[in-house]
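*Asks:* What follows is a structure written as structure tokens; I'll ask about it next.
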Amino acid sequence: MIRVAITGVGIVSPVGIGRREAWANLVAGRSGIGPLTLFDASAFPIRIGGEVKDFACDEIIARYPEAAATRDRKILLGLVAAEEAMADAGLLSEDWKDALVCVGVGLETICLEDLTPFAGAANLSEAIADGTRKRSEQPFQTPLDQTARLLAGRYGFGCGSITNCSACAAGAQAIGEAFGMIRSGEAGLALAGATDSMLNPLGLGGFSLLRVLSEENHRPQEACRPFDATREGTVLGEGAAFVVLESLERARERGAAIYAEMLGYGSSLDAFAATDPDPTGRGAVDAMRRAMRVARLAPEQIDCISAHGTGTPKNDAAETAGIKEAFGRRAYEIPVHAVKSMTGHMIAASGAAEAAVAALTLAVGTVPPTLNLQARDPDCDLDYVPRVARPFGGRTVLSNSFGFGGQNAALIFGKHGVGPR
Amino acid sequence: MAEVAVTGIGLVAPLGATAAEVVERIERGESAARPTPFGAAFDCPVFAPIEGFDAAGCFPNNKNLRLMNRDAQMAAVAARRALDDAKIVVGQTYPAEEIGLYGATGLSGLPVDEVRPLIQHAAASDGGLDLQAFGRVALRRIRPVLSFKILANMPICFASIFEGLRGPNAVYSPWEEHGTQAIAAAIRAVRSGEARCALAGGCDVKTHLLSFVTLQQLGAFEDWKRVGRGRIPAEGAAMLVLERRADAIRRSATILCTIEKCADVSPATHPLLCAVKSQLGDCFAAAAAVQTALACHLARTTGRAIASCHGFNSQPAAFLLEAA
């Protein structure tokens, strides 16, 4: 099997635009969560979120005029993160013509503003049918493959463009799929990651109905408390992250800077319930074990875990149970940290952002902290790196992502030079 | 390289519930196309619905059905039919965690009735979106389960929940191209040993009003405007059971055909496969799986068939199916 290297990283997140700013804020334990400003959320039960601040939509549209018609913020976030990763890898534009692009996304934005003009019609269906056909310049729904399509249109990506929509596991699965295709020789170079923004009225409204969001509007920066005994829910975030994957041999030949090697990927399904994770963490265990099998690593060879860690009571308990099952006594020796404590839940993009952070963790030698962890929960009794970043001399990081509906993914990265054992 | 076999087909389509029935009715010249109830509002005047579809017949008294959009119900029925066809008992034939599930889903095609409360209670007097009314009134008037119906991955998750499938997985969206990716990913997973067995397919409902709005806006009906005929939006789902040929022989399964991705993506030459979309309709994210299922059925009599998938907004792809 071909060894796979990570040679480019791009992050657009609530804690910063660009990998340097995002990493610096994560390590410093600065939260990116605050009152929502993207729209007037004053009448909503939830009024906080992890917004990408100072994001210059006009600048990216000037570079991508073909994106001008979109009203879907996640597409623009994705383009910026993708371009940062590509530039970071230091490849030539013709290299991308034969590459693969894998993009994870959540769900398409539906523009209710297109439909409300017909609210008073006697026959709503008829009115919508008659009225909306004339609005072809701005589609009512943005197809999920729009980001991949724009990137392919600009750079080629002749090896294919894949759009994965496995909810909160989509980013990790997109990277996992690219890893598999490079490892098997089906692709030589890949750009993989994810983008999402649910910080719009329908997205925020929909998630608030599911009762998984923290309602602590009065203290936004403390609202997301993964693994804390007082946690009440997650906080919606937005963002995008991409990594560049290529064969280790190719990366070495061209003298590329290598953040980490990617060693393993595993996915699984809970097959439990649409509404809740399996409380035993069984699906998470399957994904972690599958990733370790691919990486040819034993549980005692995993040195750090980037948790899915949403801050919902059920997720964090189930994930902890799963880690204990997968790692046994070793679980208590592994630092487990939750990026979402600072970014909020970037939904489809979260797995990609956390994968990028895992690569940086290995490259820099620091584990970011889990913010807001004060009160110990007896069901969550692992070492969660509370509040302060920690020096890291380990050789491997496993990153978990669990999707709504029961899709799970685990990725494993190794310090450059480690490789499969 | 290990050969991958198709050992089961599950179909939910406008002209029948099995590949044999659909093929027979297409050969008889039947068409699923019906006039839409949308009048002259769209350039496309017809669609291909599945009349009388009721998932409760397959899953009686299952409370999950009320959480599920029509596409998810179709995917669940197709998955059940495929596993039954392959005579696979999850947990006995293969461990649940070794059965993968790879699917494609379409743009969320909700019926207008589902979003009506949002539209009516969030509308400002000038026709705009009133965020105060949205937050205070409209959100209280819609059913919380709406979220389950618009998440693109839920059809595949429900299929996993109904059948207890726990293996490797992925969901792709929203066009025929992504249906081909689901099948290709499943072939890869089975061939590499990542999964012992995998369900691969797709589901889509393109017969709702809001689907028509989107398709019209995206230019899918241009041919209708230009030449008075074109793609017929349909609904349906198809699932294939894939496993290593050696494993299928070992468990004495009926091998319908072998399958592999094919470099030749020229349009289908088999007359029946050429006629599929004009008579059965185009169910977008599910179209590749439907085409492949029918090609698999044909390969059993003709020896080989190519499922050539050329969809709207899609890169062409093809699968070669050969009788075992």
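Rule-based calculations on the coordinates, nothing more; no lab input. These numbers come from a predicted model, not from an experiment. Backbone-built Cβ (ideal geometry, glycine too); neighbour counts: all protein chains shown.
*Asks:* Would you calculate, for chain A, the mean residue ellipticity at 222 nm contributed by helices, counting each DSSP H stretch of 4 or more residues as -39,500 (n - 2.57) and dividing by all residues, to the nearest 500?
*Replies:* -9000 deg cm²/dmol
*Asks:* As I understand it, the dipole of the range A:289-411 uses +1 on the Cβ of Lys and Arg and -1 on the Cβ of Asp and Glu, about the Cα centre. Which of A:Leu382, A:Thr312, A:Ala348 lies farthest toward its positive end?
*Replies:* Of A:Leu382, A:Thr312, A:Ala348, it is A:Ala348.
*Asks:* Taking amide hydrogens as modeled 1.01 Å from N in the peptide plane, which residues meet the under 5 Å criterion relative to B:Gly91, leaving out close sequence neighbours?
*Replies:* B:Ala96
*Asks:* Now for a different question. How tilted is helix B:287-302 with respect to the longest principal axis of chain B? Cα atoms for both, answer in degrees (0 to 90, nearest 10).
*Replies:* Computed tilt is about 30 degrees.
*Asks:* Further question: How large is ³J(HN,Hα) for each residue in the range B:226-241, as worked out from phi by the Karplus curve 6.51 cos²θ - 1.76 cosθ + 1.60 (θ = phi - 60°), to whole Hz, x for Gly and Pro?
*Replies:* 7, 10, x, 8, x, 5, 10, x, 10, 9, x, 8, 8, 9, 10, 9
*Asks:* Counting DSSP beta bridges in chain A, what percent are antiparallel, to the nearest 5?
*Replies:* Here the share of antiparallel DSSP bridges comes out near 70 percent.
*Asks:* So for the range A:48-116, what percent of the C-alpha to C-alpha distances run longer than 13 Å?
*Replies:* Across the range A:48-116, Cα pairs with separations above 13 Å total 75 percent.
*Asks:* For the range B:90-165, what does the equivalent ellipsoid look like in terms of its semi-axes, each the square root of 5 times an eigenvalue of the Cα gyration tensor, given largest first in whole Å?
*Replies:* After diagonalising the Cα gyration tensor, the semi-axes are 39, 12, 8 Å.
*Asks:* About its Cα centre, how strong a charge dipole does the range B:218-324 have in debye, to the nearest 20, once Lys and Arg get +1 and Asp and Glu get -1 at the Cβ?
*Replies:* That gives the range B:218-324 a dipole magnitude of about 140 debye.
*Asks:* Continuing with this model, one more query. With labels modelled as points extended 7 Å from the Cα through the Cβ direction, what inter-label distance (nm, one decimal) is found for A:Glu253 paired with A:Thr280?
*Replies:* Distance between label points: 4.8 nm.
*Asks:* Suppose every Lys and Arg Cβ carries +1 and every Asp and Glu Cβ carries -1, with no other charges. What dipole size does chain A come out with about its Cα centre, to the nearest 20 debye?
*Replies:* Result for chain A is approximately 980 debye, rounded to the nearest 20.
*Asks:* Now for a separate question. What GluC sites (Glu not before Pro) does the range A:213-314 have in DSSP loop regions with at most 13 other beta carbons within 10 Å?
*Replies:* Answer by residue number: there is no such site.
*Asks:* In the neighborhood of B:Ala288, defined by Cβ-to-Cβ distances under 13 Å, what is the net charge if each Lys or Arg adds +1 and each Asp or Glu adds -1?
*Replies:* Result for the neighbourhood of B:Ala288: -2.
*Asks:* Could you give each residue of the range A:57-72 its phi-based ³J(HN,Hα) in whole Hz, using Karplus coefficients 6.51, -1.76, 1.60 with θ = phi - 60°, and x for Gly or Pro?
*Replies:* Coupling constants for the range A:57-72: 4, 4, 5, 6, 5, 5, 7, 10, x, 5, 9, 4, 6, 6, 10, 9 Hz.
*Asks:* Calculate how large, on average over all directions, the projected area of the Cα convex hull of the range A:297-358 is; give the answer in nm² to one decimal. Don't skip to the answer; put the middle values down first.
*Replies:* On the way: hull surface 17.5 nm².
Reported value for the Cα convex hull: 4.4 nm².
*Asks:* In whole Å, how far is the Cα centre of the range B:173-196 from that of the range A:208-274?
*Replies:* Cα centroid to Cα centroid, the span is 24 Å.
*Asks:* Across the range A:112-117, in residue order, what do the Karplus-derived ³J(HN,Hα) couplings come to in whole Hz, using 6.51 cos²θ - 1.76 cosθ + 1.60 with θ = phi - 60° and x for Gly and Pro?
*Replies:* Going residue by residue, I get 4, 4, 6, 9, 4, x Hz, with x marking Gly and Pro.
*Asks:* Another question, then. Under a 5 Å amide H to amide H cut-off, with H placed in plane at 1.01 Å, what residues pair with B:Asp282 once short-range neighbours are removed?
*Replies:* Those qualifying (amide H under 5 Å, at least 5 residues apart or on another chain) are B:Ile232, B:Ala234.
*Asks:* When the scattering of chain A is computed by the Debye formula from its Cα atoms alone, each counted once and equally, what is log10 I(q)/I(0) at q = 0.06 Å⁻¹?
*Replies:* Relative scattering, expressed as log10 I(q)/I(0), comes to -0.22.
*Asks:* Something else: Please give the average number of partner chain Cβ atoms lying within 10 Å of the Cβ of each residue in B:136-145, rounded to a whole number.
*Replies:* Neighbouring Cβ atoms belonging to other protein chains average 4 per residue here.
*Asks:* Please state the charge dipole magnitude for the protein assembly as shown, taken about the Cα centre, from unit charges on C-beta atoms (+1 on K and R, -1 on D and E), reported in debye and rounded to the nearest 20.
*Replies:* The dipole magnitude comes to about 960 debye.
*Asks:* Please state, as a whole number in µm²/s, the translational diffusion coefficient that the Stokes-Einstein equation yields for the protein assembly as shown at 25 °C and 0.890 mPa s, with Rh defined as the Kirkwood radius across alpha carbon pairs.
*Replies:* The Stokes-Einstein estimate is 96 µm²/s.
*Asks:* While we're looking at this one, here's another question. So for B:Tyr172, A:Tyr64, fewest C-beta neighbours within 10 Å to most, what's the order? Mind showing how you got there, number by number?
*Replies:* Details: B:Tyr172 32, A:Tyr64 19.
Ascending Cβ contact count within 10 Å gives the list A:Tyr64, B:Tyr172.
*Asks:* Do any trypsin sites (Lys or Arg not before Pro) in the range A:49-98 lie in a DSSP loop with no more than 13 other beta carbon atoms within 10 Å, and if so, which? Present the calculation step by step, with values, prior to reporting the outcome.
*Replies:* Numbers: sites: A:Lys53, A:Arg63, A:Arg71, A:Arg73, A:Lys74, A:Lys97; in loops: A:Lys53, A:Arg71.
The qualifying sites are A:Lys53.
*Asks:* Under 1.5 on a/c is rounded, so check that first for chain B, then, if it is not, pick prolate when a/b is larger than b/c and oblate when it is not; a ≥ b ≥ c are the square roots of the alpha carbon gyration tensor eigenvalues.
*Replies:* oblate
*Asks:* Okay, moving on. Rounded if a/c is under 1.5, else prolate if a/b is larger than b/c, else oblate: which is the range A:312-397, with a ≥ b ≥ c the root eigenvalues of its Cα gyration tensor? Present the calculation step by step, with values, prior to reporting the outcome.
*Replies:* Working: a/c = 1.44, a/b = 1.16, b/c = 1.24.
Rounded, since a/c falls under 1.5.
*Asks:* Just in the range A:113-211: which trypsin sites (Lys or Arg not before Pro) are loop by DSSP and have at most 11 other Cβ atoms within 10 Å?
*Replies:* Here the trypsin sites (Lys or Arg not before Pro) that fit, given the DSSP loop and packing criteria, are A:Lys134.
*Asks:* Amide H to amide H, which residues 5 or more places from A:Thr370 or on other chains are under 5 Å from it, using H placed in the peptide plane?
*Replies:* Long-range HN contacts for A:Thr370: A:Ala338, A:Arg387, A:Val388.
*Asks:* Could I ask something else about it? Which of A:Leu213, B:Leu321, A:Leu269 comes first, and how do the rest follow, when ranked by fewest Cβ neighbours within 10 Å?
*Replies:* A:Leu213, B:Leu321, A:Leu269
*Asks:* As a footprinting exposure proxy, order B:Glu163, B:Glu30 by other Cβ within 10 Å, with the fewest listed first. The partial results should precede the final answer.
*Replies:* Details: B:Glu163 22, B:Glu30 15.
In order of increasing Cβ crowding within 10 Å: B:Glu30, B:Glu163.
*Asks:* Normalising by the residue count of chain B, find the relative contact order in percent from Cα pairs under 8 Å and 6+ residues apart.
*Replies:* 28
*Asks:* Taking the dipole about the Cα centre of the protein assembly as shown, with the C-beta of Lys and Arg at +1 and of Asp and Glu at -1, give me whichever of B:Ala41, A:Ala41, A:Ala338 is farthest to the positive side.
*Replies:* The listed residue farthest towards the positive side: A:Ala338.
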